[in-house]
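Taken together, the values in this text are just the output of simple stated rules run on the coordinates, not laboratory data. Note that the structure is predicted; figures quoted are calculated from it, not measured. Positions of Cβ are backbone-derived with ideal geometry, glycine not excepted, and every protein chain shown enters the neighbour counts.
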């Protein structure tokens with residue numbers, strides 16, 4: 001009789017589903033906060049699927065459990081282990097993990113298989129395989145995904161148990177026990193703070209404090225954000241003012257702390273003041289139907305706005321300054337000194353890439369914002385390039401400190417599995433570069449101001465780059481959302497939680513090619529037809545990661561942009577708009593990938609493939625619903 005695994009018979013789905021749903025609200029130290037990736041699978045689900053695919057169902061052992069009642073009791077015992085295992089707080093609980101690993105060893109005769117995920121993406125499956133004691137292999141065509149997996153399963157175990165090397169940790173190296181990747185995390189924090197201080201020396205003058213009026217306490221305050229509006233000239237010849245395109249003039253909707261931007265007409269110009277009472281104009285000047293001129297009331301359609309923008313005639317105007325003093329938000333009108341930073345020159349050297357003509361996911365090219373650099377203000381580009389340059393400098397500093405702390409001074413790089421001072425410095429550089437890449441998500445001109453929470457919100461709220469009319473430009477030194485070390489702090493907490501039981505392997509690899517594995521376990525979450533254009537979206541981060549890490553991983557970052565030709569998504573714009581060609585490309589490619597999976601898997605372990613797809617299509621013949629995906 002063929003052995004059945006637990007996943008083939010029964011699972012405690014209610015508990016697994018509940019923990020998977022709860023995980024969405026867990027941010028502190030969760031691996032999803034290491035770096036953004038789209039459509040990540042919950043760790044609880046991945047852990048449950050891998051474990052239950054390896055553990056035998058009791059019905060497979062009638063010699064041990066001859067009756068149905070005995071099988072049910074044993075199955076319930078396994079359920080109890082699994083229900084503990086999927087709880088986020090138990091992720092690194094040695095008792096819970098030991099019990100789970102013991103069952104895996106029992107069912108695999110002490111020889112658990114290696115696991116391959118050929119579409120590793122955000123890395124949930126390889127990470128959970130590693131947590132359960134398996135040797136994990138993460139393959140993906142996308143270099144950003146490969147780097148995320150390297151940062152989760154490859155680098156932390158290599159330096160596990162080592163104390164930090166930075167000068168501030170000299171005493172603690174002798175007196176404190178550093179388990180897992182805690183030493184690595186502490187060094188990432190230290191050299192990230194060093195980067196921030198060095199960046200302040202170079203560009204701090206671009207982020208001045210703001211003077212506070214006497215009636216609001218006087219003195220100076222630290223700017224949290226500058227709020228800008230995009231503008232176009234009113235098409236009404238009798239008006240001709242620079243129309244601010246603003247979705248909402250709300251600054252704060254917190255009870256008792258309400259604040260609003262008030263536009264005031266001054267001749268042919270619009271000026272802005274601040275009020276604590278809601279004005280009639282608080283609803284803004286633009287919505288899904290179009291815009292209107294705040295001066296003459298003329299209705300302005302999107303075709304006109306597009307033409308103006310595409311011909312370089314879309315401008316910006318500072319509307320308000322949000323500052324903080326004595327832990328309180330202060331809302332101030334614009335002034336000439338602060339407005340001038342909106343018109344500074346771009347830096348001499350910055351990464352750039354064309355955005356795809358894909359209106360479904362990328363709306364900014366319709367408005368003349370055709371490249372990744374166009375998505376940043378010139379001050380933001382200056383800040384991003386400064387921090388990016390500092391990654392390499394911090395990496396060298398960490399290498400020198402590692403030698404002083406006793407690391408071998410060899411020259412084997414991280415990409416060749418080095419473990420000396422050079423590779424350790426490069427490992428620190430990987431996470432510092434992630435900090436820069438993460439910063440780009442909240443340090444761009446498509447970040448909105450959230451008046452309910454009075455803070456800047458990041459660009460990627462969904463799998464697209466939408467157009468935004470009024471935006472918030474954060475202060476990268478303010479200690480709030482959008483500060484470099486705030487972004488890096490999330491990364492540090494994640495590193496502290498990484499398992500270090502086995503070293504994993506992350507490689508750039510096309511799932512349609514022969515992978516060379518035999519008798520291996522496969523669990524994977526493939527692309528979903530045309531839902532997400534991963535490669536196009538990943539270019540936004542890739543240009544920054546490449547700038548910081550191409551010397552560390554020259555092969556991985558050899559291309560100027562993320563590879564797209566082989567990417568298995570059904571994207572018609574890559575096939576001259578042909579839906580049929582896009583569909584055929586996806587289906588034939590996925591068939592080839594599944595053939596490769598079939599050739600390398602073990603007969604006695606189920607292959608598990610995640611597939612979540614919401615779109616339904618109606619069959620015109622009988623009106624039944626079917627999923628294209």
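Calculated from the structure at hand, Cα extents along the principal axes in Å is found among (i) 92, 76, 48; (ii) 66, 57, 50; (iii) 117, 56, 55 as (i). Remark: spin-label model distance residue 271-residue 503 equals 6.7 nm, labels positioned 7 Å along the Cα→Cβ axis.
Using the Cβ-Cβ distance between residue 99 and residue 68 with R0 set to 22 Å, the FRET efficiency from 1/(1 + (r/R0)^6) comes to roughly 0.35.
With an a/c value of 1.5 or above and a/b not larger than b/c for the gyration tensor axes a ≥ b ≥ c computed over the alpha-carbon atoms, the range 288-351 is described as oblate.
Specify whether the C-alpha gyration tensor of the range 106-174 places it in the rounded, prolate or oblate class, a ≥ b ≥ c being the square roots of the eigenvalues: rounded for a/c under 1.5, otherwise prolate if a/b is larger than b/c and oblate if not.
Cα axes put the range 106-174 in the oblate bin.
Modelled label positions at residue 179 and residue 25, each set 7 Å beyond Cα in the direction of Cβ, lie 2.9 nm from each other. At a Förster radius of 35 Å, what calculated FRET efficiency corresponds to the Cβ-Cβ distance of residue 336 and residue 280, to the nearest 0.05? The pair residue 336/residue 280 has a calculated efficiency of 0.80. For the range 212-260, the square roots a ≥ b ≥ c of the C-alpha gyration tensor eigenvalues yield an a/c of 1.5 or more together with a/b exceeding b/c, which makes the shape prolate. Each part gets one Cα centre, and for the range 41-93 versus the range 361-378 those centres are 49 Å apart.
Would you kindly give the portion of the calculated P(r) for the range 526-607 that falls above 19 Å, as a percent of all Cα pairs? When every Cα pair of the range 526-607 is considered, 53 percent fall beyond 19 Å.
Maximal additional length on extending the residue 565-residue 588 stretch stands at 6.9 nm, based on 0.36 nm per residue less the C-alpha distance.
The helix-based estimate of mean residue ellipticity at 222 nm for the chain, built from -39,500 (n - 2.57) per DSSP H run of four or more residues and divided by its residue count, is -10500 deg cm²/dmol to the nearest 500. The angle between the Cα long axis of helix 421-440 and the longest principal axis of the Cα atoms of the chain comes to about 50 degrees, rounded to the nearest 10.
Can you tell me how much longer the chain between residue 89 and residue 576 gets when fully stretched, taken as 0.36 nm per residue apart minus their C-alpha distance, in nm with one decimal?
170.4 nm
Kindly state, to the nearest 0.05, the FRET efficiency for residue 602 paired with residue 258, given R0 = 51 Å and r defined as their beta-carbon distance.
For R0 = 51 Å, the calculated efficiency reads 0.20.
Counting only alpha carbon atoms, the long axis of helix 579-600 and the longest principal axis of the chain meet at about 30°.
Among 518, 292, 180, what is the fewest-to-most ranking by other Cβ atoms within 10 Å?
Numbers: 518 9, 292 17, 180 20.
With the sparsest Cβ surroundings first, the list reads 518, 292, 180.
For the chain, the longest principal axis of the C-alpha atoms and the axis of helix 378-404 are separated by about 40°. For the range 497-513 versus the range 305-351, the inter-centroid distance based on Cα atoms is 42 Å. Distance between the modelled labels on residue 514 and residue 9, one decimal in nanometres: 3.8 nm (7 Å Cα→Cβ projection). By other beta-carbon atoms within 10 Å, ranking 54, 560, 78 with the fewest at the front produces 560, 78, 54.
Here 103, 580, 128 are placed in order of increasing Cβ neighbour count within 10 Å, fewest first, which gives 580, 103, 128. Sorting 152-161, 540-549 by their mean Cβ neighbour count within 10 Å, with the most densely packed peptide first, gives 540-549, 152-161.
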